[in-house]
Amino acid sequence: MNRRRFKTIKYVILIAGALVMIFPFFWSLMTSFKDLREILQNPFSLIPRQFTIKNYLSVFRKVPFARYLLNSAVVASVTTLLQLGTASLAAFAFARMRFKGRDLLFYTFLATMMVPQQVVMIPQYLVVMSLNLENSYTGLIIPHAATAISIFFLRQFFLTIPQDLEDAATIDGCGALRILMNVFLPLTRPAMATIAIFSFMWSWNNYFWPLLVISEPEMRTVQLGLAMFKSEGGIQWGEFMAATVVATLPIMIAYFIAQKQFVKGITLTGLKG
């Protein structure tokens with residue numbers, strides 16, 4: 001009886017927590033289907049009395065929001081692929097290869113996680129400007145092509161793979177790169193999916209870096225595009241909420257596609273030192 005009661009309480013807490021997290025998106029979704037008068041009316045109503053899609057139509061008519069979505073999709077996708085590539089190579093070297101100063105180099109590299117992004121943003125900006133990479137996909141992507149957290153996460157996963165598999169591949173004549181590609185990567189799909197989701201989500205939601213290096217309207221990302229719905233008269237709430245919903249959908253779709261691998265990657269990644 002106590003076990004059943006505990007299980008009931010646990011599910012009640014989980015459901016309550018889920019509702020708290022879902023409510024902001026649900027409120028944005030409902031607001032995006034209201035006209036401005038209903039949004040500002042008092043008393044407030046959560047569900048629109050009359051649904052309208054004019055806010056969504058205005059999003060793509062007032063600004064080139066489709067172009068902003070494309071820019072963010074290109075930047076987020078390429079950044080994610082580069083992070084997966086750099087993380088795989090570096091994590092394999094730190095986890096399975098033996099060379100002088102490996103641990104010192106790894107912990108030094110890991111220490112960069114303690115440095116706030118705002119500290120390195122100005123040096124990155126100066127480098128991008130000196131290379132004339134402003135207002136380009138390259139300038140948006142390259143500074144974030146490798147991250148310490150991705151390398152650390154994948155290294156911990158590589159450490160859990162039995163040494164016998166690597167030894168067997170070595171006996172068969174496989175080199176380090178072939179062992180990585182044919183043995184390690186197929187076994188680390190959950191970890192790779194987890195890194196991909198976090199990387200894509202961070203790059204998609206990044207606001208400050210594009211704000212620094214982008215000045216041409218056609219190169220704006222979706223986060224910069226959201227600011228276009230502010231005017232001297234205030235925020236156009238209906239259009240802003242519609243744009244927010246559209247900008248959130250790719251992240252939700254990516255998560256639902258890789259949900260099983262994401263959960264598995266979080267639960268199975270070892271913390272072996």
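The values are calculated or read from the model by the stated rules, or taken from the named source; none is laboratory data. Since this is a predicted model, take the numbers as computed values, not measurements. FYI the Cβ positions are ideal-geometry reconstructions off the backbone, even for glycines, and counts take in every protein chain you see.
Looking at this structure, is residue 209 modelled with pLDDT of 90 or more, over 30 Å from residue 38 (Cα atoms) and out of contact with any Ser or Thr (no Cβ under 7 Å at 6 or more places or on another chain)? Judged against the criteria, residue 209 is a match.
Give the range 194-208 a look and list any residue that's part of a helix (DSSP H, G or I), surrounded by fewer than 21 Cβ atoms within 10 Å (Cβ to Cβ) and over 8 Å from the mean Cα position of the chain (by Cα), or say none.
Correct list: 208 only.
When you check residue 17 against the structure, is it under 30 Å from residue 238 (Cβ atoms) and out of contact with any Ser or Thr (no Cβ under 7 Å at 6 or more places or on another chain), yes or no? Taking the combined requirement at face value, the residue satisfies it.
Taking the range 69-103 only, how many residues are aliphatic (A, V, I, L, M) and at pLDDT below 90? Can you show your working first?
As a first pass, look at the range 69-103 and keep what is aliphatic (A, V, I, L, M): 69-70, 73-76, 78, 81-82, 84, 87, 89-91, 93, 95, 97.
From what is left, the residues that are at pLDDT below 90 are 95, 97.
Matching residues across the range 69-103 total 2.
Hey, could you check the range 57-110 for residues that are among the small types (Gly, Ala, Ser) and without any contact (Cβ under 8 Å) to a residue 40 or more places away in the chain and say which is surrounded by the fewest Cβ atoms within 10 Å (Cβ to Cβ)? Checked the range 57-110; the qualifying residue surrounded by the fewest Cβ atoms within 10 Å (Cβ to Cβ) is 101.
Among the conditions (1) within 24 Å of residue 188 (Cβ to Cβ); (2) part of a loop (DSSP other than H, G, I, E, B); (3) modelled with pLDDT of 90 or more; (4) not aliphatic (A, V, I, L, M), the only one that residue 134 does not satisfy is (1).
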